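Heads up: the structure comes next, in structure tokens.
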Amino acid sequence: MSGIREQKKRATKAALARAATEIAVERGISGVSAVEVTETVGVSTRTFHNYFSTREEAVAHHIRTVMTIWPREILAAPEELDEITVLVRTAFNNIANGDGEELTYADALILSGSLSNLGNMAPHDLLLEGITAAATALSQRAGYGTMQDEHLVMVHVVWVAVSGAVLGARGADDPETAFRPLIEATLATAEKILRDGLFELPDGV
């Protein structure tokens, strides 16, 4: 019974953090209120404060959650898949399809680093943590004990593809609808770059 209760608590915490992030991405961190967040989720404001002391804490929780999904999926991908396939496929599935844990357009903004309206939260530090974690997961798949520079570059290539799709969608009347075909196109380009070897690490790296 306690297991079900804990699972419900985790789900409530995740829902509150996601709702806060959706609002923050749209209006900035100053536009987030516990009242609106809890109305969106369907719980009391007291429940919000049971989990988070500030709105910044709620948004940071969701950002960290988003950043852990990609590394986890990289490690869980079938062993027979090559590194590039794993990297591109997991990026697309997590962002565009939301397999199991549906990511939103706001999550894509997080992954792209387009978070300038979150004030002094330093979301780019969280972004770098996520990119490093994804590269480390890719290195682990390849049998390395530590992150390899080659894998960090590969992750950055895919991250740039995500960022490009976000920037392209921003000018559309309906960014969320425009985002999916753009992410398909930019990830296809990223895969071609990785497979054709169109980048080289500098000497000594």
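Which length gain, in nm to one decimal place, applies between Lys9 and Thr45 when the Cα-Cα distance is subtracted from 0.36 nm times their residue separation?
Taking Lys9 through Thr45 to full extension adds about 11.5 nm, to one decimal.
For chymotrypsin sites (Phe, Trp or Tyr not before Pro), the sites in the range 134-194 that DSSP calls loop and that have at most 15 other Cβ atoms within 10 Å are Tyr144.
The numbers here are math on the coordinates, done by the rules we state, and not lab data. Note that the structure is predicted; figures quoted are calculated from it, not measured. All Cβ positions, glycine included, derive from the backbone under ideal geometry; neighbour counts span all protein chains shown.
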